[in-house]
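Here's the structure we're looking at; comments come further down.
The values are calculated or read from the model by the stated rules, or taken from the named source; none is laboratory data. What you are looking at is a predicted structure, and each value in this text was computed from that prediction instead of being measured. Virtual Cβ from ideal backbone geometry, glycine too; neighbours counted across all protein chains shown.
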Amino acid sequence: MEFHMDEINLPSTQKILAGFCPALVDYCRKGGEMMELLVNAKELELFWVQPRVTRRNFILRSGERIFGQLGFQSEFDSLAEAISADRVWTFKRGGFFSPHVTVRQAGSNIDLAIFRPKWTGTEGQIQYSSGEVYSWRVANFWATSYTVSDANGIELVTFRSGSDEKKISNLFKQQAQVQIALVAWQLVELPLIVLLGWYLTLLQREDSTAVAVMGAIG
């Protein structure tokens, strides 16, 4: 039976978002909760989970509650849609000699923020058009922890490799526990920081894997 989004009691914004999010549609069909504002997760344990190892779609959740979603357009494209309860952004990597990642409101050509990595690829700066500056970096030698910090170096969000369920299949997925510092909850930009930070983490992991494979072949 064909499924239509009108069959789900979603807010108007989320009906638009669901077009970008097959995993969310599947979840709703099974009776799962609607996406909530991130602020509702302040006392909860959050994880980025990858429902299917063969798809570059990720859900930010705590138990059965969903607080965000990130989905790539294809298996080989850097363009991704980032979804919160009330906003949709697009992330895309560009530039060969001057690599960067653009952040835009869905449907807009105006950059809301730009991430520029350092030559190592393990850290970089997020510059908002409104003036705010944040830093993303790999936080340890084994690249199992990643952080987003403010201009003063205070860590706001940490992504630690791991999953919320002990399954063999999770060993092959890109997943992480998300830890949000108390000071970060007051930031209007927090949902975007959590989404963009995870996107940058995924790109770094994929780049590292590609380098390792090329090294093995060579």
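Remarks
- Residue in the stretch 127-143 that is farthest from A184 (Cα to Cα), counting only those that are among the hydroxyl-bearing types (S, T, Y) and in contact with an Asp or Glu (Cβ under 8 Å, 6 or more places away or on another chain): S129
- In the stretch 162-181, residue surrounded by the most Cβ atoms within 10 Å (Cβ to Cβ) [restricted to those that are under 14 Å from L46 (Cβ atoms) and in contact with a Lys or Arg (Cβ under 9 Å, 6 or more places away or on another chain)]: A176
- Taking the stretch 156-170 as the range and being more than 17 Å from the chain's Cα centre (by Cα) and more than 14 Å from W48 (Cα to Cα) as the test, the residues that pass are K166, K167, I168, S169.
- Scan of the stretch 162-210 for residues that are over 27 Å from G131 (Cβ atoms), of a type in the set (G, A, S) and modelled with pLDDT of 95 or more, ordered by number: A176
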